[in-house]
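Structure, as structure tokens:
FYI, it's all coordinate maths here, none of it is from the lab. Model, not experiment: these values are computed from the prediction. Ideal geometry is used to build each Cβ from the backbone, glycine not excepted, and the neighbour counts take in all protein chains shown.
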Amino acid sequence: MYIDGKRIDKLLKSLKIKFFIWTFFVIISVYGIISGFTENSELADGMVTYIQFAVLFSVLAYLNFRKSNLIKSAYLYNNIFVHDAYGYISLSELASKMNKTNDSVTKEIEKLLKLKILINISLELGGSQKIMLIKPDNSDNFNESVECPHCGARITKRAGFVAKCEYCGSEIK
């Protein structure tokens, strides 16, 4: 797994609580605005305040919604990373799988890394932009030398990942 389930559960719980709080205050503010226009002249005096609160709490609810969408993206990224056999995935390939641009994928992954939702990956933004995956088994040995069962050639591959034999093209686990 390349996501921190405990952190996501904690974050989702706080997002749900915040969403209900922001929604409650938006409803109260909208009620104050509508009442100020229609029936209650006392509420009309504080109309600007109600409008400010409605805008503020709407923005907070929207930001909360965006963060929950970011968590959904984290699950999609995790699904792609888990099924990757080679230990890395190019940024352009990931962007095409997600139907997004390279920049938006980079920003999302940076946010998810900053929030510590995505774990066991590193974002390489050098010449060949790619995401390096680290097997979450805490081993320090990332490479291993194995023998191809089909042609007998020695292949160096990332530990725990699948590689292709350079000579016969078969997959080596």
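Numerical summary
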item	result
Extension gain, THR23 back to SER35 (0.36 nm per residue minus Cα-Cα distance, nm)	2.5 nm
Packing-based exposure ordering (other Cβ within 10 Å, fewest first) of VAL55, VAL30, VAL48, VAL105	VAL48, VAL55, VAL30, VAL105
Calculated FRET efficiency for the pair ALA159/LEU15, C-beta based, R₀ 35 Å, to 0.05	0.45
Full-extension gain in nm, GLU147 to CYS168, via 0.36 nm per residue minus C-alpha separation	6.4 nm
DSSP loop GluC sites (Glu not before Pro) with at most 11 other Cβ within 10 Å excluded, longest remaining stretch of the chain	40-165
Table column - 3J(HN,Hα) (Hz), the range 63-80, Karplus curve with 6.51, -1.76, 1.60, x for Gly and Pro	5, 4, 5, 5, 5, 5, 5, 5, 5, 4, 5, 4, 5, 5, 4, 4, 4, 5
Theoretical gain in end-to-end length, LEU76 to LEU63 [0.36 nm per residue, Cα-Cα removed]	2.7 nm
DSSP-assigned coil residues among trypsin sites (Lys or Arg not before Pro) in the range 53-117, each with at most 13 further Cβ atoms within 10 Å	LYS116
Chymotrypsin sites (Phe, Trp or Tyr not before Pro) within the range 71-173: DSSP coil, no more than 14 neighbouring Cβ in 10 Å	TYR86, PHE142, TYR167
Cross-link pairs LYS67/LYS157; LYS13/LYS157; LYS72/LYS130 - those with Cα-Cα distance over 32 Å	LYS67/LYS157; LYS13/LYS157
Dipole magnitude of the range 5-133, debye to nearest 20 (Cβ charges: Lys/Arg +1, Asp/Glu -1, about Cα centre)	600
Positive-end residue of ASN102, VAL30, TYR88, charge dipole of the chain with Cβ unit charges	TYR88
